[in-house]
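Undergrad: Below are the structure tokens for one structure; questions will follow.
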Amino acid sequence: MTDFSFVLTSLFTAALVLSLLIKFWLSSRQIRHVARHRSQVPAAFAHTISMAAHQKAADYTLAKARLGLIDMALGAAVLLGWTLLGGLSALNEVLVHWLGNNMTQQLALLGAFVLIGAVIELPLSWYQTFVLEEHFGFNKTTPKLWLIDMVKASVLGAAIGLPIAALILWMMAATGHFWWLWAWLFWMGFNLLLLVIYPTLIAPLFNKFKPLEDESLKARVTALMQRCGFSAKGLFVMDGSKRSAHANAYFTGFGAAKRVVFYDTLLAKLSAAEVDAVLAHELGHFKHKHVIKRIVSMFAMSLLGFALLGFLAQQSWFYTGLGVPPNLLAANDALALLLFMLVMPVFSFFIAPVFAQLSRTHEFQADAYAVQQTSASDLSTALLKLYEDNASTLTPDPLYVRFYYSHPGASERLARMSSLPPTEKVI
Ligand SMILES: [Zn+2]
């Protein structure tokens, strides 16, 4: 028993140290690479991107990377604090002492954990919004709106999260050896429900959605969707500018309930033809079934996760190896959930590049589809505008991209697009 405990402690520590070393190494590569190319716009963009925009992107990338270093160090310290240094164990003991051994105690443990984590992250999150994003002109939110958002998100999180947590804890205690299978089924059902109600019930709590009024754009977009064989329940404009100058467009919902949402910031920046090209890219994700593939792989991964948790929760070395002596008289389900959520990311970090690679492949496929349906030049200028507006650097470190980027860099995307064979458009 103690042997396994020691093995887990060693394995966890080694994975944490190794992942931190890799993260710091990658970030320092990214910082050096971007700084080195700051004084010159890459030749391919010499005529499209100004020196000022290029340097703003470099400075923004550097500022984010440096903040990321602090975030990483803080995250590792907090993780160690909760686990091997005894934070979770102490919190658990205090609550058992105070509330006894029951469901209330377990829910209180989950609630207190989330709350403490949020408080620790607060200063960095504030700094990111009101210092970093503000400095580069992206922040549009006010301290008041920021606070209201936080309160709304917390209330919503508690209203949805606590009953869900209670139900999962109940399943862990009451449904026997295969509780993890029931919990997984329930969790999947909940996620599907969330996909359905998020666009209509939750998103409107934070933003206003107005039907797209621009008639010519509407006609254009509708024609594009018909051409691609899609129907949508509506085209909406979201007041993204309320919080941030970053622009975006997305497609949500299932089946016939799909809706297209454009950020007002996107419509302000792109021409109608460019909006069309961006939407065609999103449709490309659907045509290639990326969305379904993503959902199915998420289901499969979480089944693996629940099965693993089902096994680990039964092992006393799982607790002691991570610095938390299990309760002898009470249920350890909440402890098992928390430890699992804390520790898994340390190990899954090492397979993250596989998913990033897959995601970048999907982006190339969606680009190719958009080029087929609209035009390469519209998509290129739209992407360049978006990269420029979001101050995304044109010169990221290639290795950093391989590891982290879910979207390929602008140069790679444009190069790939221009190498696509010209297509004959059917009207
Ligand atoms: Zn995409």
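Undergrad: Given (1) at pLDDT 90 or above; (2) surrounded by fewer than 19 Cβ atoms within 10 Å (Cβ to Cβ); (3) under 25 Å from residue 47 (Cα atoms); (4) away from the ligand (no atom under 14 Å from the Cβ), identify the lone condition not met by residue 399.
TA: For residue 399, the failing item is (3).
Undergrad: For residue 120, work out the one condition from (1) closer than 26 Å to residue 240 by Cα; (2) open to solvent by 40 Å² or more (accessible area, probe 1.4 Å); (3) aliphatic (A, V, I, L, M) it doesn't fulfil.
TA: (1)
Undergrad: Out of 374, 361, I need the residue that is touching a residue at least 40 places away in the same chain (Cβ under 8 Å) and among the hydroxyl-bearing types (Ser, Thr, Tyr). Which one?
TA: Among 374, 361, only 374 is touching a residue at least 40 places away in the same chain (Cβ under 8 Å) and among the hydroxyl-bearing types (Ser, Thr, Tyr).
Undergrad: Oh, and also: For segment 210-250: of the residues being over 15 Å from residue 267 (Cβ atoms) and open to solvent by 70 Å² or more (accessible area, probe 1.4 Å), which is modelled with the lowest pLDDT?
TA: Only one residue tops the list, namely 233.
Undergrad: Evaluate segment 66-84: report whether one residue or more is over 18 Å from residue 114 (Cβ atoms) and outside any helix (DSSP H, G or I).
TA: yes
Undergrad: Test residue 196 against the stated conditions and say whether it is surrounded by 17 or more Cβ atoms within 10 Å (Cβ to Cβ) and among the β-branched types (Val, Ile, Thr).
TA: No; evaluated as a whole, the condition is false for this residue.
Undergrad: Is at least one residue of segment 367-379 surrounded by fewer than 17 Cβ atoms within 10 Å (Cβ to Cβ) and away from the ligand (no atom under 16 Å from the Cβ)?
TA: yes
Undergrad: Do you know which of the residues in segment 39-64 that are more than 22 Å from residue 380 (Cα to Cα) and without any contact (Cβ under 8 Å) to a residue 40 or more places away in the chain is least open to solvent (accessible area, probe 1.4 Å)?
TA: Per the criteria, the residue is 62.
Undergrad: Look at segment 255-308 and say how many of its residues are within 16 Å of the ligand (Cβ to nearest atom) and of a type in the set (Ser, Thr, Tyr).
TA: Matching residues across segment 255-308 total 1.
Undergrad: Related question: Among 383, 394, which is the only one that is in contact (Cβ under 8 Å) with a residue 12 or more places away in the chain, within 13 Å of the ligand (Cβ to nearest atom) and surrounded by 18 or more Cβ atoms within 10 Å (Cβ to Cβ)?
TA: Just a single option satisfies the conditions, and that option is 383.
Undergrad: Take segment 317-366 and flag every residue that is of a type in the set (A, V, I, L, M), open to solvent by 20 Å² or more (accessible area, probe 1.4 Å) and within 16 Å of the ligand (Cβ to nearest atom).
TA: 358
The values are calculated or read from the model by the stated rules, or taken from the named source; none is laboratory data. Since the model is a prediction, treat every value here as computed from it, not as a measurement. As a convention, Cβ positions derive from the backbone with ideal geometry for all residues, glycine included, and neighbour counts pool all protein chains shown. When the accessible area is computed, the model is the full protein with side chains, heavy atoms only, and any ligands, DNA or RNA have been set aside. Shrake-Rupley method; radii C 1.70, N 1.55, O 1.52, S 1.80 Å.
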